[in-house]
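Participant: Have a look at this one.
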Amino acid sequence: MADSAAPNPPLTQARSLRPVAFGADPAGERLARIRRSPHFADGVFQNPDNPEGPRARPSGSRLDFAKRYFQKEARRRRRPAGPIPLHPTTAEDLARPPADGLRLTWMGHSSVLAEIDGRRVLFDPVWGRRCSPFSFAGPKRLHDVPLPLTSLGTVDVVVISHDHYDHLDLPTIRALASTDTVFAVPLGVGAHLERWGVPSDRLHELDWWESTRVGDLRLTATPARHFCGRGLRNQQHTLWASWVAESPSGHRVFHSGDTGYFPGFRDIGAEHGPFDATMIQIGAYSEYWPDIHMTPAEGVRAHLDLQGGNPHGVMLPIHWATFTLAPHPWDEPGEGTLAACAEAGARAALPLPGEPFEPTAEEVPSAPWWRTVARVRASTPGPAAEARTAAPADAPGAAAAHRAEPSGKAAESPG
């Protein structure tokens, strides 16, 4: 006869001991749905057009990478010489509706507030000081958050591209979970959010090419080439995605999440484009992981693919100038985007963090603001001066850096 006071099964014990920032593994019907996905095979999610498997392997040795990454001059160039300027946007500015119904505000890295015909979509919100499971180590912000979350006003839906720390931030999600917003996430990511307090009835969990509606706004999860993982083990049981948001009036925007370049951008554009604006990852690239992050030139190529080969709409470069996640100089993605857009005849918006702009307007922010920063020397310590170089948060093999107990401390905005 079983003892009624017997301890919990090992699986339950392990789950209770797992650091909360690691999230949770999919189980039950969620795991069954994952296993039914046409993109899940051999026990893992598979990348599109990638015969080598679900996770791109780094080219070159770890020793070669370490020598380059920690070289003194290279480290210096990965941080701005002075404070990164922020646009002085206020809650009142965001309360005024955009003239044409569409407005984007880049909040740094991949975080973008998209206002689309009366609906507010917040992509990949990260308001924490570090993209890390703990507060004392890991990549630290190069600039403050432009606005506190409470100044954004009502957010109708939070859209998450994948579960890496620089895109899915525990304190930010917990703050948003206390509001009435709903969450649209790739398949499997909902397990993390439920553990952090998001009710299941506020989750829209999608496979690639599946759509959901938030009011009259249609959201579609579309393919990307990347990988996933937050804890000690990366089981590839959570999907990664890019996203399309479309309104009944015809406004369309695309958010790339993290991805390597792949021919599928043309398919996304053919199905959902052309777009008024594309938000394209152009930072944290390296020859050591060429298949999971795009260079600026590849990002512009993806933008054109999404537009049917034509220089339609505006490209907003994202995933740069906020966290140091790769060996390249901090401002190189901006320069590379300018050059690639000029060569291709594409139109880029280059706002300061926190600067709203309307993609359909005659003029969009286009000044290379980072050049002024690069010429200035910081006179007082701040986020730029304090930022420590750390191993890339989502580079292959970086999960080993996330093995300490995370802090539960929330930081709505640093500093």
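Since every read-out is calculated from the coordinates, none of them should be taken as a lab result. Predicted model, so just to flag it, every value in this text is computed and none were measured. Positions of Cβ are generated from backbone atoms using ideal geometry, with glycine treated the same way; all protein chains shown enter the neighbour counts.
Participant: Can you tell me the relative contact order of the range 40-401? Whole percent, Cα pairs under 8 Å, sequence separation 6 or more.
Facilitator: 24 percent
Participant: While we're looking at this one, here's another question. Any idea what the alpha-carbon Rg over 2.2 N^0.38 Å comes to for the range 187-315?
Facilitator: 1.10
Participant: To continue, here is another question. Report the full-extension gain for the segment PHE70 to ARG35: residue separation times 0.36 nm, less the Cα-Cα distance, to one decimal in nm.
Facilitator: 8.5 nm
Participant: Excluding PRO353 itself, calculate the net charge of residues whose Cβ lies under 11 Å from the Cβ of PRO353, where each Lys or Arg counts +1 and each Asp or Glu counts -1.
Facilitator: -1
Participant: Run the paramagnetic zone check for ASP100: 7 angstrom along Cα to Cβ, then residues of the range 336-369 with backbone nitrogen under 14 Å.
Facilitator: Within reach of a label on ASP100: 347-349, 357-365.
Participant: Between rounded, prolate and oblate, where does the range 78-228 land on the alpha carbon gyration tensor, with a ≥ b ≥ c its root eigenvalues, rounded for a/c under 1.5, else prolate if a/b exceeds b/c?
Facilitator: Since a/c reaches 1.5 but b/c is at least a/b, the shape of the range 78-228 is classed as oblate.
Participant: So for each of 93-104, 76-87, 166-177 I average, over its residues, the number of other beta carbons within 10 Å; can you give me the resulting order with the highest mean first?
Facilitator: Going from most to least packed, we get 166-177, 76-87, 93-104.
Participant: Based only on Cα atoms, what Rg/Rh ratio does the range 115-163 have, Rh being taken as Kirkwood's radius?
Facilitator: Checking Rg against Rh, the ratio lands at 1.03.
Participant: While we're looking at this one, here's another question. For an R0 of 35 angstrom, estimate the FRET efficiency from the Cβ-Cβ distance between ALA339 and TRP209 and round to the nearest 0.05.
Facilitator: Step by step, r from the Cβ atoms, then E = 0.55.
Participant: What is the dipole size for the range 40-401, taken about its Cα centre, with +1 at each Lys and Arg Cβ and -1 at each Asp and Glu Cβ, in debye to the nearest 20?
Facilitator: Dipole of the range 40-401, to the nearest 20 debye: 1680 debye.
Participant: Summing Lys, Arg as +1 and Asp, Glu as -1, what charge do residues with Cβ under 9 Å from the Cβ of SER110 carry, SER110 excluded?
Facilitator: -3
Participant: Now for a different question. How big is D for the range 40-401, in µm² s⁻¹ as a whole number, if Stokes-Einstein is applied with the Kirkwood radius of its Cα pairs at 20 °C and 1.002 mPa s?
Facilitator: Answer, rounded: 106 µm²/s.
Participant: What are the equivalent ellipsoid semi-axes of the range 89-178, built from the alpha-carbon gyration tensor (square roots of five times its eigenvalues), in whole angstrom, biggest first?
Facilitator: 24, 13, 11
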